[in-house]
Amino acid sequence: MLHRSLAPFALALLSLLPACEETGLMRFDGGTTPPGEDGGEPAQRQISYTPEGCGYTVTSPELESAAMGTDVQDPDNPVLHHVHASWAGPTDSTFAVNWETGLRTLASRILYGTDRAAVEAAEAPGGDVLGRNGHTMFYRAMIGGGPGTRLHEVHVCGLEPETTYYYKVGGPGRWSRVYEIATAPPVGSTQPFSFGVTGDSRNNLENSWPISQRRLDEAGVDFQVFSGDAVFLGANQADWRQFFEASVDDFDVTDFLARAPFMMANGNHDQLALNYVAQFAFPQEVSEGERAQGMEWYSFDYGNAHFVILNDTVNDSAVLAGGQARWLREDLARVDRTRQPWIFVSHHRPFYTCRSTHSPDTALRAAWQPIFDEFSVDFVLTGHNHVYERSTPIRGLEGGEGVVAATGTNGVPTYDMAGLPSGTVYVVAAGVGAELYEVSSECTTSFTSMSVRPYVIFEVEGRTLTYTAYDAMSGGMLDQFTLTK
Amino acid sequence: MTRRLPIALALLFAATPARADEAADLSREAAAAERRGEPAVAVERYRALVAADPTSRLAGRARRRLEWLEARAEGDYRPLSRYLALRERPPAERTRERLAAFEAEVRSFPEGRVARESWALLGEAWLALDEPARAEAAFLAWLDRPDLESSERVSAQTGLARARAARAGPAAGAELLRAAGLEATSTHATLTREARRGPLRVAAASFLALFLGAVLFVGRRALLTRDVLARAFSLGRLAAAAHVLVVPWALASHYDHDVGDTFALVAAGGAAILALASLGGAAASAREAPRTQRAAVAGLAVLAYGALGWLALDHAGQLFSFLA
């Protein structure tokens, strides 16, 4: 346990070393051949390509080696695990899958289709079963990676909206089990959808991480927004293995993560380490000052909602209030509120939180709240404090403090004729794994708060939204309201 | 065949939005039925949705909800209906009267998931109402169910321990988990830490007081003389003071700038301890006190610095997993 208490200091020391901050990896000297790869050609450290049928480019981080997949399987290590899905392109026609295998496996293929039995039976594309090839990556993590980590990533594009697909990943001779995943309704559609919100799964105390994931899976949410701090130390591969391999009874977290795309913000513990960047596929559009091949901050659309994921753990305030803020403004300015009336933003550190372990981040508030106000963001979803908190609607700043906006029954915003909220609701919903903190509801901007392990489910249908917060441990509802704009 | 294809395609396209609308209607009705505590109605709607549009996104969700509901069909959904009626209420509406009435109902529930989940909900709800004895009873009733899954057994035991801790102190809760062989759980670590916190606060405060007393003792009569003040501040000691100030600041600003207050306290307190230790040492030299006294002051200064750091982190709630 002692090493846990020293980890903040280890994190601090890591962050003091600029060269290491973005890596979390051993330096590759170029003199050895990564396992499974032909020594004839020098290993390529980064790969960039346009997946078949996709209108976007995928760029891997720079690591020990990166290459397009082949059909090679590791003869000694048949493991194929950590399968999880996300989006790097339009949610109504694409999805991406990442997984880990034995070190010598280079096979990075996916077989998919709408007929489950056909996908289960297939060894190669044909008939109703389609196939795509992805890329493979290899690195030796700075901490806890053993002999190395072999990852695979594949992107599937050109899908029909609102459709359930079945898929399996791997390659000839060794495939994962078959998972299902559904594409989103088209942008602007009023079809109902739901998504879950969690954060701070690190340490998996009380086994609450898989318990929360099982509850979200049982609720049938379409995807998950995660506000950061998946692991205790982003550079520690062993922590990521614990994250992906957590289970409760006969439920593995990947049962859910492979079905419901996982869209994550970087937390201070994740450190934007390459372990994190390499293991997830998010939209990549590099903007001013942005690292991680454009995955540091990004946005996506789902039905009639727009989602923005930000990185607030940037030490350089010029990026926080400069490049990232400019990108945020431009991104939100593009949203057509008549087609997408709902805007959700997620990042890690809250700037409205009441007397908990971490104080409100007032620098962040000054940098971002004016933009949230300008574009009438509906909800801001954060973590960092391991509690549940919901603010009153807030609009404007006076002396650096948020101004409570017009408030309806049960602390919800009121809406004008255009469907714009009187203020933004700031939510802290985190701690499905990390130690619980104390919290208070006595601040002016605080509507309710509880020291629990929460998860939130948003159900959106057209211009109506139902918000329900639950305690992951008991399953009991904590907070609920319905809005119509 | 070729002539029929456009007609079939036209029919398909014409049918798709209607089918999607029907699926959306059924999905909405099912979700509303669940919220009202009418699981049998929800099951019927979800089944209709899967039949109407089996490859759609909403059908996937419906299948998942069906699986969950059908696994809780005991007693023809009546127990589930009662359970949902309580679970879907906000905490403020889970009053003592409602919990007591529900508890009476749960006793008659047949074996199955709903009975187990009901006791879990009751245990947590009683704890939230600061009724640890009733919470203990609920967690014990949960533990008594013969069909518990392994994760439920751990959750029930840790819930019981938290209730016991609320009633009889954290040591009693930790002991209960130790007896159950659950020393590796984070609840055991938390309760153990809580149990040690009080004595450790006293010990830390004692170290600080002892250090102050030692400085006054070894430096008696000579402490604030001009000679001692001049001797106390060397370049080396100023460098050490700068180190004591800068390192916590650097940790705070680079790791987590919103823990600045905690580290500012450590920095300021650490500098004060160093200054006092320097004064004490210089005063001891001035009055030619034994070397052992100077060594004792130095040793106590180190302990006092550790005690200060512990108290600051403990006060800020950031001292986790350190003692267990």
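The values are calculated or read from the model by the stated rules, or taken from the named source; none is laboratory data. Please read all numbers here as calculations on a predicted model, not as lab measurements. Virtual Cβ from ideal backbone geometry, glycine too; neighbours counted across all protein chains shown. For accessibility, only protein heavy atoms count, side chains too; no ligands or nucleic acids. Shrake-Rupley method; radii C 1.70, N 1.55, O 1.52, S 1.80 Å.
Summary table
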item	result
Enumeration of residues in region B:20-32 that are out of contact with any Phe, Trp or Tyr (no Cβ under 9 Å at 6 or more places or on another chain) and open to solvent by less than 70 Å² (accessible area, probe 1.4 Å)	B:Ala20, B:Ala23, B:Ala24, B:Asp25, B:Ala31, B:Ala32
Selection within region B:41-81 - over 30 Å from A:Pro161 (Cα atoms), more than 14 Å from chain A (Cβ to nearest Cβ) and basic (Lys, Arg)	B:Arg78
Pick from region A:216-230, criterion within 12 Å of another protein chain (Cβ to nearest Cβ) and within 18 Å of the chain's Cα centre (by Cα), ranking: nearest to A:Leu272 (Cα to Cα)	A:Asp229
Members of region A:462-482 that are touching a Gly at 6+ places or on another chain (Cβ under 9 Å) and surrounded by fewer than 21 Cβ atoms within 10 Å (Cβ to Cβ)	A:Arg463, A:Phe481
Some residue of region B:155-168 being at the interface with another protein chain (Cβ under 9 Å from one of its Cβ atoms) and either in contact with a strand residue (DSSP E or B) (Cβ under 9 Å, 6 or more places away or on another chain) or surrounded by fewer than 24 Cβ atoms within 10 Å (Cβ to Cβ) (or both)	no
Qualifying strands (runs of 3 or more DSSP E) (wholly inside region A:149-203; at least 2 residues being crowded, with 19+ Cβ neighbours inside 10 Å and within 14 Å of chain B (Cβ to nearest Cβ))	A:164-171, A:179-182, A:193-198
Listing of helices (runs of 4 or more DSSP H) fully contained in region B:130-237 that carry 1 or more residues being assigned by TED's automatic domain parsing to the domain that holds B:Ala295	B:186-218, B:226-232
Considering residues of region A:453-485 that are hydrophobic (A, V, I, L, M, F, W, C) and within 9 Å of another protein chain (Cβ to nearest Cβ) only, the residue nearest to A:Pro413 (Cα to Cα)	A:Leu478
Top-ranked residue in region B:251-270 [being surrounded by fewer than 17 Cβ atoms within 10 Å (Cβ to Cβ) and modelled with pLDDT of 75 or more; ranked as nearest to B:Ala298 (Cα to Cα)]	B:Ala268
Qualifying residue in region A:432-441 (condition: surrounded by 22 or more Cβ atoms within 10 Å (Cβ to Cβ), within 25 Å of the chain's Cα centre (by Cα) and more than 12 Å from every other protein chain (Cβ to nearest Cβ))	yes
Condition met for A:Thr164 (closer than 27 Å to A:Ser189 by Cα, of a type in the set (S, T, N, Q) and in the same structural domain as A:Gln73 (by TED's automatic domain parsing))	yes
Strands (runs of 3 or more DSSP E) completely within region A:326-438 that count 1 or more residues being within 30 Å of A:Ala246 (Cβ to Cβ)	A:342-346, A:379-382, A:388-391, A:425-429
Single condition A:Ile394 does not satisfy, out of (1) touching a strand residue (DSSP E or B) at 6+ places or on another chain (Cβ under 6 Å); (2) surrounded by fewer than 20 Cβ atoms within 10 Å (Cβ to Cβ); (3) not aromatic (Phe, Trp, Tyr)	(2)
Members of region B:178-215 that are open to solvent by 70 Å² or more (accessible area, probe 1.4 Å), at pLDDT 85 or above and under 21 Å from the mean Cα position of the chain (by Cα)	B:Arg178, B:Glu183, B:Glu194, B:Arg196
Positions within region A:391-410 being within 16 Å of A:Val439 (Cβ to Cβ) and out of contact with any helix residue (DSSP H, G or I) (no Cβ under 7 Å at 6 or more places or on another chain), in sequence order	A:Ser391
Given (1) open to solvent by less than 10 Å² (accessible area, probe 1.4 Å); (2) part of a strand (DSSP E or B), number of the condition A:Tyr276 does not satisfy	(2)
